[in-house]
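Have a look at the structure below before the remarks.
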Amino acid sequence: MVVSLAFLYNLWVIVYRFAFQEINGETLVVWFCLDYFSDFLYLADILFHFRTGYLEDGVLQTDAAKLRAHYMNSTTFYIDCLCLLPLDFLYLSIGFNSILRSFRLVKIYRFWAFMDRTERHTNYPNLFRSTSLIHYLLVIFHWNGCLYHIIYKNNGFGSKNWVYHDTETADVVKQYLQSYYWCTLALTTIGDLPRPRSKGEYVFVIAQLLFGLLLFATVLGHVANIVTSVSTARKEFQAKLDGVKTYMRMRRVPTHLQVKVIKWFDYLWLTQKCSDEEKAVSCLPDKLKAEIAINVHLDTLKRVEIFQNTEAGFLCELVLRLRPVLFSPGDFICRKGEVGKEMYIVNRGKLQVVGDNGKTVLATLKAGSYFGEISILNMGTAGNRRTASVRSVGYSDLFVLSKKDMWDVLKEYPAARVRLEAIAVKRLEKYKKAPLEKVAMGRCQSTPGLVETSGRVPIEEMQLPAAHAAPPLHSSHPPSYRDQLYSSSVSPLRVASPVASCASSARSSAAGAGSMAVAAVAAAAAAAAAGSGAGPRVMLDSHDVLECEIKRLRERLHTVETENAAMSAKLSQQQWEVDQRLQEIEMQICGGSSLSSQEENERNRESII
């Protein structure tokens, strides 16, 4: 920009001084200071070029020796030296003549580079293009006016008063304005020009009019491009709106619904929102799109509790799957009883959670709130049913994350999958159950982690079978622990799948442990009753034996409970993997996409497994 300002000074001043007023004793100091200050900027530009990096094989070079060699071996170095050719010393022999500084205009390549780079980087390119176009017009009029006055000074085309009769007596400023005005009339093809009188004047005026015609066509084309680029977004938006209105009219959509759709488009235009953000950045590479999405949506995603403290890579992949949606006033985002397969994050607006009647407001959601996370945490294939209806109060901007997108990302991040699965178990249980209660609870087949309350049997209420309630009273010795274990054993239930059989075996082990404890207590009591006449010492020994047996059985019961909890977690993991694999196979079968023979063999082998 600094070098461009120095170039513009030379572009405007050199031809003006040559045509109207050269350097004299009164203006010597001013013009010399300005001239050589611009030369100093040209010299500084050469020094900066010695330290300007360049790309070699896509890598920015910063070595000072290589930069110096690269610049000195380039054409730019010789052009910059030509711009500073010291022809000003000829002032001493031929007098002041500004045309000797015309080599300073070779620096125009830097001005063009500055204009091109500024147009790419500015946020207001149309305004910049309009300003540059006006400047180019003014420069052309300026040079043309100076050319006209040069012809006038050299006796014109045989007559000095061809255009203006008072030019001799007018000052320099008026002469410049008269020349500028005449050239403006000629180049804009407005007309009202003085009638030429000689052949030379006719040729000059015709050349001016032809040049003006070409200039007018060029300017008109640039202006048309600027206006078109300004109104491109409006035209595309209006085309979409017209298409929707035509469709609604042909399909005879009710009037109130048409008004609602048009108001939705009005809000979209007033807020300057893009209806298709994916299309707007589709030309960018994936990495740049990812960086843009991270800067725009990552803070929103971090508000969701289930995604906090997860891997950074997982969040970066997940943020690319967020889709912005806009809801109108009164729209239902979801209704009670629907199958939920996505979650929503409120970016702007206000939502209401309403009851069954649609009027009772249960809660209000504002920016930063989220709902529907249970839907994507559910590990079944059908999703959870919505437990309430959510309605938009006004225009609401939300981000949508579908369950399928999240699980596609989780395939690459197993650690995040395990963490989210644990969160799913906690949120779906709602309350943390005691370990003793979990022993007697069943597992829900559709949603691992969801504990059913039906079938809960506390250990205190467990009863032994009648056949093994107590040993015979006539026995002289209490039954051993091995006999009790053998008598308390229960055959495991037969199940259809390996997963169910493992779960049933675990529950049978817990029940067997409880039966052993009760059997041992009953046997000890019977033995104590049978030997009551043996004296106090026998009763004390029997009491000690019973306490030791009860303590050992409690330890055994605790071990069984721990093993059962570990087995339950392992079973839930295995069942989730089986469900996910079945869902993937179903999607592959329904998709019908053609795969190579190697991929088909691998898929078949996985299907068999």
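The values are calculated or read from the model by the stated rules, or taken from the named source; none is laboratory data. Not measured: the values here are computed from a predicted model. So basically every Cβ, Gly included, is an ideal-geometry build from the backbone, and we count neighbours across all protein chains shown. With ligands, DNA and RNA removed, areas are computed over all heavy atoms of the protein, side chains included. Shrake-Rupley method; radii C 1.70, N 1.55, O 1.52, S 1.80 Å.
Between the amide H of LYS350 and those of VAL393, GLY394, distances stay under 5 Å, these residues lying 5 or more places away or on another chain, with hydrogens modeled in the peptide plane. To the nearest whole percent, what portion of all C-alpha pairs in the stretch 299-346 is separated by more than 11 angstrom? Cα-Cα pairs of the stretch 299-346 separated by over 11 Å account for 76 percent.
Any idea what % of Cα-Cα pairs in the stretch 1-153 are farther than 27 Å? Tail of the P(r) past 27 Å holds 36 percent of the pairs. The residues packed around VAL339, meaning those with a beta-carbon under 9 Å from its beta-carbon, carry a net charge of +2 if Lys and Arg are +1 and Asp and Glu are -1.
Projected label points at GLU236 and VAL30, each 7 Å from Cα along the beta carbon direction, are separated by 5.2 nanometres. The HN-Hα couplings worked out from phi for the stretch 243-249 by the Karplus form 6.51 cos²θ - 1.76 cosθ + 1.60 (θ = phi - 60°) are x, 5, 5, 5, 4, 5, 5 Hz, whole numbers, x standing for Gly and Pro.
Going by average Cβ neighbours within 10 Å, how do the peptides 84-93, 346-355 rank, with the highest at the top?
For the peptides 84-93, 346-355, the packing ranking is 346-355, 84-93.
Beyond 17 Å, what percent of the Cα pairs of the stretch 1-85 remain? More than 17 Å apart: 58 percent of the Cα pairs in the stretch 1-85.
For the full complex of protein chains and a 1.4 angstrom probe, list HIS70, HIS558 by accessible area with the highest value first.
Largest accessible area first, the residues go HIS558, HIS70.
Once fully extended, how much extra length lies between ILE46 and ALA388, figured as 0.36 nm per residue of separation less the alpha-carbon to alpha-carbon distance?
116.0 nm
Based on Cα contacts under 8 Å between residues 6+ apart, the stretch 1-118 shows a relative contact order of 38 percent. When you restrict to C-alpha pairs under 8 Å that are six or more residues apart and normalise by the size of the stretch 282-346, the relative contact order lands at 35 percent. Taking the average, over residues, of other Cβ atoms within 10 Å as the packing measure, peptides 242-250, 143-151, 408-416 rank 143-151, 408-416, 242-250 from highest down. For the stretch 12-59, the calculated P(r), taken from all Cα-Cα distances in 5 Å bins from zero up to the bin holding the longest distance, is 5, 16, 16, 16, 11, 10, 8, 7, 5, 4, 2, 0 percent. Please tell me which of these pairs span more than 28 angstrom C-alpha to C-alpha: LYS245/LYS403; LYS263/LYS289; LYS260/LYS336; LYS289/LYS404? Cα-Cα > 28 Å for LYS245/LYS403; LYS263/LYS289; rest within.
Stretched out straight at 0.36 nm per residue, the stretch from VAL578 to ALA280 would grow longer than its current Cα-Cα span by 103.3 nm. For the stretch 251-362, taking the reciprocal of the average inverse distance between every pair of different Cα atoms yields a Kirkwood hydrodynamic radius of 17.1 Å. Couplings 3J(HN,Hα) for the stretch 208-214, derived from phi with the Karplus relation 6.51 cos²θ - 1.76 cosθ + 1.60 (θ = phi - 60°), are 5, 5, 5, 5, x, 5, 5 Hz, where x marks Gly and Pro.
For TYR54, nonlocal amide neighbours, meaning residues 5 or more places apart or on other chains whose placed amide H falls under 5 Å from its own, are GLN61. Note on THR364 and TYR91: the extension gain reaches 89.9 nm, defined as 0.36 nm multiplied by sequence separation minus the Cα-Cα distance.
May I ask for the net charge around LYS403, where only other residues with Cβ less than 11 Å from the Cβ of LYS403 are counted and Lys, Arg are +1 while Asp, Glu are -1?
Taking every other residue near LYS403 into account, the sum is -1.
Electrostatic tally near THR360: other residues with Cβ closer than 15 Å to its Cβ, Lys and Arg +1, Asp and Glu -1, net +3. Put a dot 7 Å past the Cα of ARG249, heading toward its Cβ, do the same for ARG323, and the two dots end up 3.0 nm apart.
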